[in-house]
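The values are calculated or read from the model by the stated rules, or taken from the named source; none is laboratory data. If you're wondering where the values come from, they're calculated on a predicted model, not measured in any experiment. Neighbour counts are summed over all protein chains in view; Cβ atoms, including those assigned to glycine, are modelled from backbone coordinates with ideal geometry.
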Amino acid sequence: MRQAVTITGSRAIGHRPRAGRRALFEDDAGPLATPGTRFPPGGPTDAASPAGQMTAENLAPLVSDLRRIVRSDLLWLYTTLPSGAAWVAASGSAAGVRDRPPEGLETFRSPTGPRPIPRQALPDGWRAGVLAPIRAPDGRDAGCLLLGWTRWSGRYLARWITSGRLGGAVTGAADVLGAFWAKTWTAHVLEAERSRLRTVIDHSNVCVLALDQNGKIVVWNAAMSELVGVRAEDAVGRRPEELFTLTGEDGRAVCLAAGLHGSVRLTTPGGRSLWTRVSCSAPARATPAAASGLLCAAFVDESAQRQVEYMRHLLTLSVRHELHGPLTTIRGHCQLLEEVLPGDENTADSLGAIQDAVEMMRHVIGDLVQLVGPDPAAPPATRVEPVQVEPLLRRTLRSIPSVAARGLVAAAPGLTVRGDPVRLRQCLLLVLGNAEKYAPDGTIEITAYREGTSGVISVADRGPGIPSRERDLVLRPRYRSEATRDLPGSGMGLYITATVMTAMNGRLELAPAPSGGLEVRLRLPLWADPRHAT
């Protein structure tokens, strides 16, 4: 058994005895293939590879030719290709791809130039050997060449190669292989990047096309095919104006070369017309920047969005006109009734409830208009003034006699908070309406009190309550508790209440009621000087 020997001083080359020269080329991996066609003038990267890249198979003829040039009995080439590590070997009668290196030379580190392989590291049957590195033009390690001789005279040839007499041929061949290797990897990286980009573009919902310097389509993704109704294979190589026309908001024709940005109407020859938002990545073609590269354009179909905007506009107009008109009529007749009906307390209460309802509906209409407007997330409009809580409670209960009949009211005298009286009454109606719906039996306790710098209105019922895990969820729009989903409702009452309370610098709080039901607290800041309350 031979010893492991270091060629470069940094890595050992292990060795196991082999049967001789024939074993190097006809072992259990099978005999080497017969050399095929020679390389074309462009070199190995122009050979049989579909992508025009260097492959292990099309390196075999080059290795065979190189072996004859340097007069070696054996020549092994090792390199790393995009497909993986490759070993290619050539002898006097055969050349082909191998799945393993020569026995004993499995590991190595490429030297800085052609060097002899130490005698104790040579595979069986080798009388002499030289290891030459292959490096890319930028210095990257691209593999190595292993030259071997089975004749004793090979020692002299090995010496000539390492001393420079034949070394130029080996070094030149290694340089050519390094350049081809770098070209192969560059092409592989570019193709991988192109493949990733094609995948992203083809699977994007955004419609993408690109034009070359002649204004012809070179990129047309699947979304663009769906938008225009033209397949990519039918679109590439044609001009956009052959496939669709673009017009601006004013009806004038526009073109992509003008560096479009904004909404345009896209019309196909088949008569399909839709609004799209387009953005071009290059300025007008007259500029040097556009003439030197691709012009890319991205389209987004905004027809559905425009339809929604149009319907929203119609709804806003309808809400303002169709709802405000009847409310004005109701308010006017209510004022007439005040003049002709007896001035007793019951009549005054009923007419006051109608007036309050009209005023509240005006606020609700305003909220609805805002909801369908350009900024639906904006908080509802409120005003700040002193609000005496006890009169507000009596006025609110007057609007819902069914709740007033079983309500217990206890309000701290003179309690005044900062808020909007109409908005606070709106919140109270929503909370009391929930209590009536979810607790149809039993007393509803309505309490108003001071707590620190806040005034609190509490409404406690004897209903099923809300489990603690759901108390945050019920403040979301359209959420319905599992226990009450069979009851009528939209799941918006507590959400609206919380939103309005926040707009008045207050908050809504939920807690279990002492009676076992739900307690809802409306908390607002106290008015600084209650004596100025109205």
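Quick notes on this structure:
- In the range 160-217, the residues that are on the phi > 0 side of the Ramachandran plot and surrounded by 14 or more Cβ atoms within 10 Å (Cβ to Cβ): GLY215
- Condition check for PRO514: out of contact with any Lys or Arg (no Cβ under 8 Å at 6 or more places or on another chain), modelled with pLDDT of 85 or more, surrounded by fewer than 21 Cβ atoms within 10 Å (Cβ to Cβ) and of a type outside the set (A, V, I, L, M, F, W, C): yes
- HIS261, sole failed condition from (1) modelled with pLDDT under 85; (2) exposed (fewer than 14 other Cβ atoms within 10 Å of the Cβ); (3) more than 26 Å from the chain's Cα centre (by Cα): (3)
- In the set GLY465, GLY414, GLY433, GLY452, only one residue is at positive phi and touching a Gly at 6+ places or on another chain (Cβ under 8 Å); that residue is GLY465.
Here's the yes/no breakdown for (1) among the polar types (S, T, N, Q); (2) over 50 Å from the mean Cα position of the chain (by Cα); (3) assigned to a strand (DSSP E or B):
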residue	(1), (2), (3)
THR79	yes, no, yes
ALA86	no, no, yes
VAL130	no, yes, yes
GLY143	no, no, yes
ARG151	no, yes, no
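- Single residue of GLY407, GLY442 found to be of a type outside the set (Lys, Arg), surrounded by fewer than 17 Cβ atoms within 10 Å (Cβ to Cβ) and farther than 24 Å from THR499 by Cα: GLY442
- Qualifying residue in the range 110-125 (condition: closer than 21 Å to THR184 by Cβ and either of a type in the set (S, T, N, Q) or part of a strand (DSSP E or B) (or both)): yes
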